[in-house]
Amino acid sequence: MLAEWRLTRLVIIVALAATVIGLCVGCLLVARTLYMDRARLRVAPLHVDRYRSANEELATTKSPLIVFFGDSRIEQWNPIPSFAGYKSVVRGIGGETTAQMIPRFETDVLQLKPAIVVIQAGINDLVAASILPEGDRIVRDTIANLKWFATSARDAGIVAIVMTIVRPATAPIWRLPVWSSSIYAMVSQVNVQVRGLSEVGARILDADALLAVEGKALPSRFAADTLHLRPEAYQVLNKSLEVLIQESSTASPCKISPLADHQRPVVSAEC
């Protein structure tokens, strides 16, 4: 009996030791990955070369371009819309903030000389702003960066279609320790300023109003997860974009407003 107890205790000790070692190894691997990511940021903090080859291939394209520019919501745009007379290209990078996009705007937008640039950006800024003590400054910087995109495109003769930031869906339980509900108010705050970018020549697609309507969070039918969109959401946005692009030859800025069914866009009276 004593021998069996000793054997059982030994097995338990070995199992506990293996668990602890496994956790330590896991933590070391995570730490190593984070260290490597930090090292990469120190030597190449921005993704300015991500689309270099694809951009070079566009040199022979004769059709006017529509560039979709932004973060993962642009990178994952599906289905990619096709508009008569234009070639659509996607220049989105997951996880990027508007601050990280600024150097890339030159290579992925301005140098391509598109007819139109469609911008959905800022959600990653606001995720950070909602949990960091310098959140107010990040919100101000996000607004300034979005305005810079709009004015830079305008000055280059490019029609800028700036989308309001689509609010997140309800966060799952596992995300709550690193999540703040203040992000929803921040989205609303920034979107007020985005809608005002029509004053600097941008066209505004109110994506947040189209998808979230008046709700606090993005409805589950449009949410792939907390921050990303389902194809059904992109289909709604594509219909709205078609209206704006058809109006892109007019001089006055346009704004898309949702109807009750949130499916058919209408161009506002000032267009």
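A few points about this structure:
- Annotation: Ile161 fulfils all but one of (1) free of Cβ contacts under 8 Å to residues at least 60 places away in the same chain; (2) not in a loop (DSSP other than H, G, I, E, B); the unmet one is (1).
- Filter result for the condition that a residue is in contact with a strand residue (DSSP E or B) (Cβ under 6 Å, 6 or more places away or on another chain), farther than 20 Å from Arg195 by Cα and crowded, with 16+ Cβ neighbours inside 10 Å, over Ala160, Ala169: Ala169
- A search for C-beta distances below 9 Å between a residue of the range 76-96 that is assigned by TED's automatic domain parsing to the domain that holds Lys113 and within 16 Å of Ile66 (Cβ to Cβ) and any residue that is among the β-branched types (Val, Ile, Thr) and part of a loop (DSSP other than H, G, I, E, B), counting only pairs 6+ apart in sequence or on different chains, returns Lys87/Thr61; Ser88/Ile80; Val89/Thr61; Val89/Ile80; Val90/Ile80; Arg91/Val109.
- Residues in the range 43-58 that are modelled with pLDDT of 85 or more and not aliphatic (A, V, I, L, M): Asp49, Arg50, Tyr51, Arg52, Ser53, Asn55, Glu56, Glu57.
- For first residues located in the range 143-158 and in contact (Cβ under 8 Å) with a residue 12 or more places away in the chain, partners that are part of a loop (DSSP other than H, G, I, E, B) and loosely packed, with under 15 Cβ neighbours inside 10 Å and lie 6+ apart or on another chain with Cβ distances below 8 Å form the pairs Ala156/Lys113; Ile158/Lys113.
- Test: Val67 is closer than 23 Å to Arg195 by Cβ and within 16 Å of the chain's Cα centre (by Cα): yes
- Qualifying residue in the range 59-80 (condition: out of contact with any Ser or Thr (no Cβ under 7 Å at 6 or more places or on another chain), modelled with pLDDT of 95 or more and of a type in the set (Asp, Glu)): yes
The values are calculated or read from the model by the stated rules, or taken from the named source; none is laboratory data. What you see is a predicted model; the values in this text were computed from it and never measured. No Cβ is skipped: glycine too gets one built from the backbone with ideal geometry, and neighbour counts run over all protein chains shown.
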